[in-house]
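**Student:** This structure is in structure tokens; I'll ask about it shortly.
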Amino acid sequence: MNQLFFGYLILMNIVGFATMGIDKKKAQKNEYRISEKTLWLVAFAGGALGSWLGMQQFRHKTKHRTFSMGLPFLVIVYGGLVIYTYYWQ
């Protein structure tokens with residue numbers, strides 16, 4: 001179970017990182033964007049760390065308070081979940 005859970009989190013964090021990068025490129029090209037709802041959905045589905053790292057790497061959504069404060073909070077929550085799963089399950 002742990003391997004499946006960690007594999008899922010790794011995949012979702014890759015998706016989170018990629019969606020931030022893709023949305024930044026679309027913003028620069030003035031193209032149709034990925035909705036903030038979708039970005040949050042990916043983060044809540046386990047991709048918070050990847051989304052946060054993508055936000056920092058691509059300097060995307062850094063001025064949006066909901067992202068700049070919400071994603072680090074989710075990273076802490078998922079970090080606690082990972083620690084709990086790894087050590088106590």
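**Student:** Applying the selection to segment 11-40, what residues are of a type in the set (Ser, Thr, Tyr) and part of a helix (DSSP H, G or I)?
**Tutor:** Step one: list which residues in segment 11-40 are of a type in the set (Ser, Thr, Tyr), which gives 19, 32, 35, 38.
Hits for segment 11-40 are Thr19, Thr38.
**Student:** For the list (1) surrounded by 15 or more Cβ atoms within 10 Å (Cβ to Cβ); (2) over 20 Å from Phe5 (Cα atoms), I need the number of the one condition that Phe17 fails.
**Tutor:** (2)
**Student:** Another question, then. Could you run through segment 35-88 and say how many residues are among the charged types (D, E, K, R) and either surrounded by 14 or more Cβ atoms within 10 Å (Cβ to Cβ) or at pLDDT 95 or above (or both)?
**Tutor:** Summing the residues that are among the charged types (D, E, K, R) and either surrounded by 14 or more Cβ atoms within 10 Å (Cβ to Cβ) or at pLDDT 95 or above (or both) in segment 35-88 gives 2.
**Student:** Let me ask something else. Starting from residues that are of a type outside the set (A, V, I, L, M, F, W, C) and farther than 14 Å from Leu71 by Cβ, keep the ones in segment 3-22 and report whichever is modelled with the lowest pLDDT.
**Tutor:** My answer is Gln3.
The values are calculated or read from the model by the stated rules, or taken from the named source; none is laboratory data. Keep in mind that what you see is a predicted model, and the values were worked out from it rather than measured. With ideal geometry, Cβ positions are generated from the backbone for all residues, glycine too; neighbour counts draw on all protein chains shown.
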